[in-house]
Amino acid sequence: MANIPPTLRTVESIKSPLQAPTYGEIITVLSIDGGGIRGIIPAVILAFLESELQKLDGEDARLADYFDVISGTSTGGLVTAMLTAPNENNRPLFAAKDIKDFYLDHCPKIFPQNGVPFGSAGKLVKSLTGPKYDGKYLHKLVKEKLGDTKLHQTLTNIVIPTFDIKKLQPTIFSSYMVKNNSNPFKDACLSDICIATSAAPTYLPAYSFKTEDSNGGERVFHLVDGGVAANNPALVAISEVTKEITKGNSDLSHIKAADYSRFMVISLGTGGAKNEEKYDAEEAAGWGVLSWLTADNSTPLIDVFSEASSDLVDYHISTIFQAIHPKENYLRIQDDNLKGDESSVDIATKKNLEALVQVGEKLLKKPVTRMNPETGVCEPTSPSHQVTNEEALKKLAKILSREKQLREIRSPKVKVATSK
């Protein structure tokens, strides 16, 4: 990172949009996994990162001011929209510190824990006849918060994966696509995108909506949870940026498509239960469709898909960044030690939600880890000199702040007052 002369940062400077990567040295990516109520864990991490940026640049600093692209799946997609949707002052709708309370307040109503008649037998019948939750509260809440805001209006680029069950293929909602007008049908309302990416099979109902282009043409989407395709959306975000580079996007000029040393990626998981044995092959060998969907009071099929998706992406990106310099440009924060109710995506009791807040707070104090591809478990990157996630985020906050300043100095669109 180049040395940057001292600057007098003004409030307007902080509020100014992040200038194009072509004026800086790195491309900054924030990625947030899916995981239902476990979205509280990255919410705690994000609040810490934003607070560090505010220490450097003032209380008006927001995460959307520093990342070229923010990507999220399912619950991570909702967080992405909250961080990037504009309010009436054209600033982020939510500060990162507010997201935790949003989850604490609304998750019990999104995932009501009301008893089902006839106990476990009633739950089984319900799971066979429809989704576990009707989604009505979530739909109403998201539409109230996000209103008519469309994808092209986000304060920085976002990438949110969904899966189209009619076409049996991933459908990626990327602001890159709509801002360059390459796919106007993707310029959907953020509320519709968030509802769709959160529609986890067996938990929440599939979601359909349509969009129109300027010529009156329309497209109908039939979507479910993005976690079916990309529970960890970090690689999707990198791919969208790479695609723009190959297209010759002027905002990304002087950057080579395969130059991963120019990327800085912060990837936030929502926790897992790798150290808690779940299912064994002898038992699963006799499972039919019903058991794969309802065994052990959970949905093994969904668990397998989401864990596999997240881990393979982490493995791929981690391998790439270990081969380049600086290795620190990829930070994956994940806790594989969740147990019992903590590992659930929908047990939204007050006790469990507060426990997940504590998981996030403790995770900040834990050492930076990297997934061991042999065991699938996250292990400290350097046993002899353990850097905590908190320390790593403080370092990255300084890099993010310097990168923003550098772009402002170099960009002809922004004038920054400099101290002599």
- [ ] Would you please name the residue that is surrounded by the most Cβ atoms within 10 Å (Cβ to Cβ), looking only at residues in segment 38-59 that are more than 21 Å from S198 (Cα to Cα) and charged (D, E, K, R)?
- [x] E50
Task: Conditions (1) in contact (Cβ under 8 Å) with a residue 40 or more places away in the chain; (2) assigned to a loop (DSSP other than H, G, I, E, B); (3) more than 16 Å from the chain's Cα centre (by Cα): number failed by E88 - done: (1)
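Being among the hydroxyl-bearing types (S, T, Y), open to solvent by 60 Å² or more (accessible area, probe 1.4 Å) and closer than 25 Å to E25 by Cβ: is that true of T319 here?
It is true that T319 is among the hydroxyl-bearing types (S, T, Y), open to solvent by 60 Å² or more (accessible area, probe 1.4 Å) and closer than 25 Å to E25 by Cβ.
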- [ ] Answer with yes or no whether E342 is over 16 Å from the mean Cα position of the chain (by Cα), within 14 Å of V29 (Cβ to Cβ) and not small (G, A, S).
- [x] no
Open item on the list: Show the residue pairs meeting these rules: Cβ distance below 6 Å; 6+ apart or different chains; first residue within segment 387-400 and within 15 Å of L63 (Cβ to Cβ); second residue open to solvent by less than 10 Å² (accessible area, probe 1.4 Å) and of a type outside the set (S, T, Y).
Closed with: L393/L49; A397/L53
Open item on the list: Exactly one condition in (1) more than 13 Å from the chain's Cα centre (by Cα); (2) buried (at least 23 other Cβ atoms within 10 Å of the Cβ) is false for G77; which is it?
Closed with: (1)
TODO: For K150, indicate whether it is of a type in the set (D, E, K, R), touching a strand residue (DSSP E or B) at 6+ places or on another chain (Cβ under 8 Å), within 30 Å of V304 (Cβ to Cβ) and open to solvent by 10 Å² or more (accessible area, probe 1.4 Å).
DONE: no
- [ ] Identify the single condition in (1) open to solvent by less than 40 Å² (accessible area, probe 1.4 Å); (2) over 27 Å from D134 (Cβ atoms) that T211 does not satisfy, given that it satisfies every other one.
- [x] (2)
TODO: With the condition kept exactly as written, say whether any residue in segment 182-201 is surrounded by fewer than 17 Cβ atoms within 10 Å (Cβ to Cβ), closer than 26 Å to F102 by Cα, in contact with a Ser or Thr (Cβ under 9 Å, 6 or more places away or on another chain) and among the small types (G, A, S).
DONE: no
- [ ] Determine which member of the set R370, R332 is in a strand (DSSP E or B) and open to solvent by 50 Å² or more (accessible area, probe 1.4 Å).
- [x] R370
- [ ] Residues that are within 17 Å of the chain's Cα centre (by Cα): find the helices (runs of 4 or more DSSP H) completely inside segment 184-285 holding 3 or more of those.
- [x] 190-197, 227-230, 234-247
Open item on the list: Suppose the filter is open to solvent by 30 Å² or more (accessible area, probe 1.4 Å) and assigned to a loop (DSSP other than H, G, I, E, B); does P170 pass it?
Closed with: no
Task: The lone exception for A2 - which of (1) at pLDDT 95 or above; (2) aliphatic (A, V, I, L, M); (3) assigned to a loop (DSSP other than H, G, I, E, B); (4) surrounded by fewer than 24 Cβ atoms within 10 Å (Cβ to Cβ) it fails - done: (1)
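The values are calculated or read from the model by the stated rules, or taken from the named source; none is laboratory data. All of these numbers come straight from a predicted model, not from anything done at the bench. Reconstructed Cβ throughout: ideal geometry from the backbone, glycine too, with neighbour counts over all protein chains shown. For the accessible areas, the whole protein counts, side chains as well, though only heavy atoms, and no ligand, DNA or RNA atoms are used. Shrake-Rupley method; radii C 1.70, N 1.55, O 1.52, S 1.80 Å.
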